[in-house]
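Engineer: Okay, here's the structure, questions in a sec.
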Amino acid sequence: MPSRLLATAPTRRLPSALRIPSALSVLLAVVAGGAAAQTNGSILGQVTSAAGEPLRGVQVSVTSPALRAVTGTDGRFVLGAVPAGERTVHVEMLGYRAVTVTGVRVSSGRATELKLQLEPAPVSLKGIEVEAERVRLIEPEVSTTHEVVTGRELRELPLDRIEDALELATGVSQGHFRGGRIGQETYVVDGLAVKNVLEASSKGAALEFSPTSLDEMDVITGGLSAAYGSAISGAVSYATRRGSRERWESNAGLRSDGFQPKGSGFTSLSLTTGGPLRMLGDGTTVFGDLLLQGMADADPHARGATCLSSTDLPTEVASRLQLLRGGAGASLYCPYAPSTLPHDAGDRVIGFLRLDRPLGGGLSLTATALGNRLQRQLYTPELKYSTGSQLGQRSYGSLGTLTLDWTRNRGELTQHALLRGGVMRLDRYLGALDPWTMGDRPTFANFGFGGFRFLGEDFARSSPEAQLQAGTGVPGYVPEGGAIGSPYGPAGQGIFFTTGTPQLANWTRSEQVSADVLGEVYTATGVVARAGASGKLFRIQSYERTAAANPGSAFNYALFFPRTASGFGEVQWGTSDELHVQIGVRLDAFKPGLDFRFDRANFLAPSLQTDWKLALMPRFGASMPLPGSRGRTVLRANFTRLAEPPDFQYFLDTTVGDSLRTSIRRQGNANLSFEHGSAYEVGVTQLLTPALSAAVTVFRKDLENLVSGDVRFGSSTDPTFSLADYGTVTGLEVAVRGRWPGWTLRAGYSLQKAVGVSSGALGDTVISVSDSRVTYPLSFDQRHSIDASVLAGRAAGGKGRWGAALAATARSGYPLDRRLSVSGARSDLPAYLPWTSDLTGRASYELGSLPACGCRWRVTVDGRNLLGLHNVMALRRDSGLLGPAADALAAVEGGVAVPNAPIPLESPRYSALIDLNKDGNITPEEFRAARFAAALDRFDPSLYYGEPLQLRAGVEVTF
Amino acid sequence: MRGRIWLLLPLLIGACRDAPDPFTPVDRVALTGDSVHLTYYLGEDRAPAWRGNDTLYYATGGFAPFPPSQGALAALPREGGAARLVLPELQQFTVFLSTPVPSPAGDRVAYIALNPLFTPACRGDSAINIKNGRKVTTALFAPPLTGARLSVRAANGSGAPGDDPRVLIDFASVGIAPGLPVPGVAPGLLRYLIFEYPFQRDYAAGGAIPFRPSWSPDGSKVAYSDGLRLNLWTPGQAAAVPLAGGDRAVSAAWSPSGDRIAAARALVQDSTITDLLYLVANEAACVERRISYNVTSTRLVLLPAAGGTATDLGEGEEPGWAPDGSAIYVRRASSNQIWRVPVSGGVATAVPGTTGGHDPAVSPDGQWLAFARTLTPGNHDLWLVRLSH
């Protein structure tokens, strides 16, 4: 008689292929709803006999890493500090048939519950194997709102970057978490916060991971546990992969659209390997991941303005465009083919290495190293025709951690503690690219083996004293001017600044050393107590010069040493069958480490030393099955107080604005305190069918003390960063999850209403302090967003040869102009941008074994924007359209006088493109037509579009 | 399975493909063929002169982006393309420059700078011929030249322009003659006396070709016409020396061998006098007397470089030598075409493709004939034709 695993909850999955007796099943549940700033979870449960009697002394273990527990008198056990991901659980006891449960999903900071029955087996029988469900439809013990993207999904979905997967979480849209500003979320890697403290709001996440290097990504949008700090809107927790203890497993993947003549020149090579490293001791494992991507066009959005249709332009401009299109000037309409448009070349390197070594006595040591190099040209309309004079950005990121982890499993109690040290460095340079980068840099498949070089980088990084003493501009920078290289030839002179270099030189370097300690206790009854503390020391440097070619131009340079410290404690109790409660409190503190002068206009004003800023944040969450619903309906609610230090860039003077053209200045304010807010949410999850569930969540988020740029101090003429903005976001979210044999579904819908008093610290509008404090819609006001992903066949864990993964997102547009939408001053403008949507997908086919290699291989076809939609991402505020308003166009058009006399062919200003009748002379009428076309091109809205349809072929080899 | 592996080849090859070439605007079409239209300026492009085999110097107007000018010195590649100013430091202001001619070594440029035209001449709402009382279209009478300067300057523009060697050319008999009696006209009106020599008319028809300088092959001297005779000038000397036998010759062209100078000589009839009365608001305002010479034909003449008797080679003007000295290319007004005239006395032949041509200039390698072609009055363009031997 076989062993039995009792089913007591509706969420389970037993693949028929395993031919497990029908009575055999496994219950998986997640207890301990709060997330912790770590990537370990726990497995707890109870083992009983066939008669329902608790079995004592049953051995329960997992591998990779090796963890073991023994059931207590009531048959209960807990395995704490189990790394997130899919684990295999072995259950064995003399006299009973052993059971192996594969695919047990362990999530960060949560407990997975197993309830097992063992069948007596007087003689030794082969153990049985069952597979646990991989997609949980209902989580009765989770009070947070989160979305777990599993390692399998990360590997099967056609993701260029890990950020693409964020968009599949309900409530996250284009990097905004529940209507928050970009950067109001935090990123946690294996429990270590790696937020870009200097410039998260403008540059986003600090570090990138390869999708194949992760076991799990957990996106939390509501109900953050006390373990998460420096976040107002959400958190993303990455759990990195570790090598298998049993065998080496490797994978190599190549994807490219190079087979298409008009592809975007994308090639990606991924290498992953991991396995036991016994030379360093038994149980030692290593895992390595390398991702190389080369891109001929890293931002394939370009379309020229002169390719606009008449409906994209104001009426008076459209009529002129019609003349251009239909008359002799047709050659000026879309004068270049898409394949010849300038490309923003770039490449990406992401390398990750992890070493795990058990030390005995429950101790283990983990060392990780991550390295990033991300670089690309930055498209600017003024310089798009100058292949030797481009703006570019290069970012280096590195992270190293060393973790000493101690775990003791004592049957019904697990104690866990860790001590971790980390170092992180981010280095970003933004400036004019050295022509070597554009021409002579060795590249292969659009991947550059060397880093970008920038004009005068050594000079820009030299000491401020040396730069002042030199009294020159940044070497290599050339003032603006000239016109050679435009599609309109030299006759476009004055519009295209193609003989000068970009004028910006900007770099930042952020270094941090951190140490944190965590202690936690798990009990088999589902009680978790956890406390931790961390401290970080930073060294921040920032340099900015906006008129870099000008010998007399000033520059901003800052070197300062911020510090942060935090501590938290929380307790969770309850199991899947009853009320589950999570209570915690967190204390965060930071010190800017930068002096400031309150009155910037007065040199004699006293300089003040900034103090420590403190934020105390209580957090509470609860969930429970609805009585009488037999676990099919789950209620949850939570309240969290949230705070984060403002981006350290706000401590400094900053030039912000419209693609660096408007040079809007904001004066730094080192005395800024925490941005903070409160979030409330309630939700209900309903199991609709055994294969489908739906969750509805409503939330409210009060944002306070947000960084603003609108307040002026003293007699200063420039706005100074302050904490004057505030607002409220209320929202509704619906999430659907489904699983059927051979495929899975995840879908979500979100609607937010977001209003507040906001000037936008990085926006290009300035509200005077004397203005009335009017409530404006925030960026995400009335934002609808829809996401869905479907995995089928082998991609969903099936056994066939075919696999497919589809991901779709759709979203309504932002408010076009916050102020105008309130005042109603421009009723002719649309209030909101149009909807955008895209569909990506991958089809894969397993081809079996490769000859003479023992490897398995498969081919894939990826498609991005499969429907080929022309998504419009932005509109001009002056016209409400893609094209500029007539007066803005006329201002540019009139920038160069129309010559009185014809321009003959032998003139350096002659261009055959403008000589519409090809008579060897450009008449004033022909010149005017060209000026119109050139001015349209000057307002190039290329980046207003979403990415076009792209198809990629790929091959993967696993060995 | 092996066959499936081959399916990966396109992927691997495609993946290795590097970035496409960046955007390159094509805003000029290459000028090719045996007959090339080089310039399109709607004013005058005249006096092409070769500097080596690859560059043509010529006189033009100040089209954009050059400074506005009646006469500018320019150069452009034989293959066509963008022109550039020659000696741009001289052309920052409105100066009427013409006929740039590089020295045989290419290190110097001789050119003519024309003085301002005689713009104080009579003006009015209308004019009548005093003799017959008929109304006259004053536009027929262009303002005359009064003087010019022949200069030589280093081709690289070195040195102060004021230090450049120069020689002045004075066109006599243009000016105010208050004592000139005109029957029937009150003596109080201003009077102007203008001799319309043939060169004045040539100038009015399109340029300073009559005064075009020509370098001796060794680069030591320059031959030029002041409109009335040929002169030889050694740059650096204050004055030129008239060439014996060079009376009434214009458009000098020094032979490649250096022993002869070709020129054009106009055959004229007796002069005629025309007195014009200019009216302003029907009131007599000014009297102008023009003395004109009617040209019957223009002859190509060949003079010894040391001076002497001229040899008549038949009809021809604006001569240009073949580089081997065997022939002279000239314009013949009677056929409105460029002809090749053998120096040794053979039969002259018309050069195909040169209808309307002026100012012939053969490249040093003898491959190309550059010339100015008239399209409409006041509009000459430069052309090239490939010479067949």
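Engineer: A:H90 accessible area, nearest 10 Å², 1.4 Å probe?
Structural biologist: Counting only protein heavy atoms, the figure is 50 Å².
Engineer: A further question follows. For the Cα atoms of chain A, what angle does the longest principal axis make with the long axis of helix A:924-938, in degrees from 0 to 90, nearest 10?
Structural biologist: So the helix axis and the longest Cα principal axis differ by about 20 degrees.
Engineer: Here is a further query. Counting only other residues whose beta carbon sits under 11 Å from that of A:G621, what net charge do I get with K and R as +1, D and E as -1?
Structural biologist: Working: positive: A:R619, A:R636; negative: A:E141, A:E570, A:E681.
Local net charge: -1.
Engineer: Only Cα pairs within less than 10 Å get springs; with that Gaussian network setup on chain B, which residue of B:D125, B:D247, B:D312 has the largest fluctuation?
Structural biologist: Between B:D125, B:D247, B:D312, it is B:D125 that shows the largest mean-square fluctuation.
Engineer: Now, a different point. Which GluC sites (Glu not before Pro) in the range A:216-262 pass both tests, a DSSP loop state and at most 16 other beta-carbon atoms within 10 Å?
Structural biologist: On the way: sites: A:E216, A:E246, A:E249; in loops: A:E246.
Those that pass, being in a loop and sparsely packed, are A:E246.
Engineer: For chain A, what does the helix formula give at 222 nm: sum of -39500 (n - 2.57) over DSSP H segments with n ≥ 4, over the residue count, nearest 500 deg cm²/dmol?
Structural biologist: On the way: 10 runs with 73 residues, N = 959.
The per-residue figure over chain A is -2000 deg cm²/dmol.
Engineer: Shifting gears a bit: I need to check one value: relative contact order of the range A:219-312, counting alpha carbon pairs closer than 8 Å and at least 6 residues apart, in percent.
Structural biologist: Details: 141 pairs, mean separation 20.9, N = 94.
So the answer I get is 22 percent.
Engineer: How big is the charge dipole of chain B about its Cα centre, in debye rounded to the nearest 20, if each Lys and Arg gets +1 on its Cβ and each Asp and Glu gets -1 on its Cβ?
Structural biologist: Values: 32 positive and 32 negative charges, 81 e Å.
It works out to roughly 380 debye.
Engineer: Hey, another quick one. For A:R410, tell me the accessible area in Å² from a 1.4 Å probe, rounded to the nearest 10.
Structural biologist: The accessible area of A:R410 comes to roughly 130 Å².
Engineer: Compute, for A:C307, the solvent-accessible surface of its heavy atoms (probe 1.4 Å) with the complete set of protein chains present, and express it in square angstrom to the nearest 10.
Structural biologist: Per-residue accessible area (A:C307): approximately 30 Å².
Engineer: In square angstrom and rounded to 100, what buried accessible area do you get between chains A and B, total over both, with the probe at 1.4 Å? Show your work: numbers first, answer last.
Structural biologist: Values: alone 35960 and 18800 Å², together 51510 Å².
Counting protein atoms only, the buried area is about 3200 Å².
Engineer: Is the shape of chain A best called rounded, prolate or oblate, per the rule: a/c under 1.5 gives rounded, else a/b larger than b/c gives prolate, else oblate, with a ≥ b ≥ c the square roots of the Cα gyration tensor eigenvalues?
Structural biologist: prolate
Engineer: Between the DSSP loop rule and a limit of at most 15 other Cβ atoms within 10 Å, which chymotrypsin sites (Phe, Trp or Tyr not before Pro) in the range A:797-888 are left? Display every interim value, and only then the final one.
Structural biologist: Working: sites: A:W802, A:Y832, A:W835, A:Y845, A:W857; in loops: A:W835.
Passing both the DSSP loop test and the Cβ count: A:W835.
Engineer: For the range A:803-950, what relative contact order do you get, as a whole percent, if you take Cα pairs closer than 8 Å and at least 6 residues apart?
Structural biologist: Working: 223 pairs, mean separation 32.8, N = 148.
Result for the range A:803-950 is 22 percent.
Engineer: What is the sum of charges around B:E315, taking Lys and Arg as +1, Asp and Glu as -1, for the other residues whose C-beta is under 9 Å from the C-beta of B:E315? Don't jump to the answer; show the numbers that get you there.
Structural biologist: Values: positive: B:R299, B:R332; negative: B:E317.
That works out to +1.
Engineer: Determine by what factor the alpha-carbon radius of gyration of chain B differs from 2.2 N^0.38 Å, reporting the quotient.
Structural biologist: 1.21
Engineer: Here's another thing I want to ask about it. If a cysteine in chain B has no other Cys Cβ under 4.7 Å from its own Cβ, put it on the list, ordered by number.
Structural biologist: Within chain B, the cysteines lacking a partner Cβ under 4.7 Å are B:C16.
Engineer: With angles folded into 0 to 90 degrees, how steeply does helix A:315-326 sit against the dominant principal axis of chain A? Use alpha carbons for both and round to 10.
Structural biologist: 80 degrees
Engineer: Please work out how many pairs of lysine residues in chain A are eight or more positions apart (or on different chains) and have Cα atoms closer than 29 angstrom.
Structural biologist: Count of close lysine pairs: 24.
Engineer: Below 8 Å between Cα atoms, with a sequence gap of 6+, how large is the relative contact order for chain A in percent? Mind dumping the intermediate values first?
Structural biologist: Working: 2820 pairs, mean separation 107.0, N = 959.
Once normalised by length, the contact order is 11 percent.
Engineer: Could you compute the net charge surrounding B:F63? Neighbours are other residues with a C-beta less than 12 Å from the C-beta of B:F63; K and R count +1, D and E count -1.
Structural biologist: On the way: positive: A:R909; negative: A:E906, B:E44, B:D45.
Here the count lands on -2.
Engineer: As a test of reading the structure, rank A:D74, B:D365, A:D611 by solvent-accessible area (1.4 Å probe, protein chains only), most first. Don't skip to the answer; put the middle values down first.
Structural biologist: Working: A:D74 50, B:D365 70, A:D611 100 Å².
My answer, sorted largest first, is A:D611, B:D365, A:D74.
Engineer: With a cap of 14 neighbouring Cβ atoms within 10 Å, and only residues DSSP puts in a loop, list the chymotrypsin sites (Phe, Trp or Tyr not before Pro) found in the range A:202-275. Could you put the intermediate results ahead of the total?
Structural biologist: Details: sites: A:F209, A:Y228, A:Y238, A:W248, A:F259, A:F266; in loops: A:F209, A:Y228, A:W248, A:F259.
Hits after loop and neighbour filter: A:W248.
Engineer: Over chain B, with a Gaussian network built from C-alpha contacts below 10 Å, which listed residue (B:P178, B:P104, B:P67) shows the highest mean-square fluctuation?
Structural biologist: Its mean-square fluctuation being the largest, the pick is B:P178.
Engineer: Per residue of A:892-905, count partner chain C-beta atoms within 10 Å of its C-beta, then hand back the mean as an integer.
Structural biologist: Values: counts 0, 0, 0, 0, 0, 1, 0, 3, 2, 8, 6, 5, 12, 14.
Partner-chain Cβ atoms within 10 Å, mean over residues of A:892-905: 4.
The values are calculated or read from the model by the stated rules, or taken from the named source; none is laboratory data. Worth saying up front: this structure is predicted, and the values here are computed from it rather than measured. We place every Cβ from the backbone using ideal geometry, glycine too, and count neighbours over all the protein chains shown. For accessibility, only protein heavy atoms count, side chains too; no ligands or nucleic acids. Shrake-Rupley method; radii C 1.70, N 1.55, O 1.52, S 1.80 Å.
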